[in-house]
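Asks: Following this message is one structure expressed as C-alpha cells.
Please treat every number below as a calculation from the coordinates, not as lab data. Predicted model only: the values in this text are computed from it and were never measured. Reconstructed Cβ throughout: ideal geometry from the backbone, glycine too, with neighbour counts over all protein chains shown.
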Amino acid sequence: LIISLATIYMGLSIEETITALTLNGAAAIDRANSIGSLEAGKQADLILLDAPNYGHLSYHFAMNLVDTVVKKGRILN
C-alpha cells in the first residue's frame, strides 16, 4: 500500500520509493550502516518476491507477493 501511495499520490518513481522504504528507512532509525541496502558487511536482510519485475509492486498492493524471507543471510521459510 505504501509503495502505491508514494508512486501514485506523491509522484515518486518506483526506484525512489524502494530507496525510501529501505535505505532511508534504515537511516531514519540510525541503522543505515548495518541494514537498508545490499552491501558487503551489512546484515543481508531481504525478501524474494513472486513478481515479474519491481515495477509490479505499485500495482498489486493488496497481494502478498513474498516468496522467500532472508534474515541475517539465513532463509527463514
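Asks: Kindly establish whether Ala26 is surrounded by 13 or more Cβ atoms within 10 Å (Cβ to Cβ), among the small types (Gly, Ala, Ser) and within 13 Å of the chain's Cα centre (by Cα).
Replies: Yes; evaluated as a whole, the condition is true for this residue.
Asks: While we're looking at this one, here's another question. Evaluate the stretch 44-59: report whether one residue or more is charged (D, E, K, R) and within 21 Å of Ile75 (Cα to Cα).
Replies: Among the residues of the stretch 44-59, at least one is charged (D, E, K, R) and within 21 Å of Ile75 (Cα to Cα), which makes the answer yes.
Asks: Across the stretch 1-43, which residue is farthest from Gly73 (Cα to Cα) among those that are in contact (Cβ under 8 Å) with a residue 12 or more places away in the chain and part of a loop (DSSP other than H, G, I, E, B)?
Replies: Leu1
Asks: To continue, here is another question. Identify all residues within the stretch 44-77 that are part of a loop (DSSP other than H, G, I, E, B) and under 26 Å from Leu5 (Cα atoms); write none if there are none.
Replies: Selection gives Asp45, Asp50, Ala51, Pro52, Asn53, His60, Phe61, Ala62, Met63, Asn64, Leu65.
Asks: How many residues, within the stretch 35-55, are in contact with a helix residue (DSSP H, G or I) (Cβ under 8 Å, 6 or more places away or on another chain) and of a type outside the set (Val, Ile, Thr)?
Replies: Qualifying residue count, the stretch 35-55: 6.
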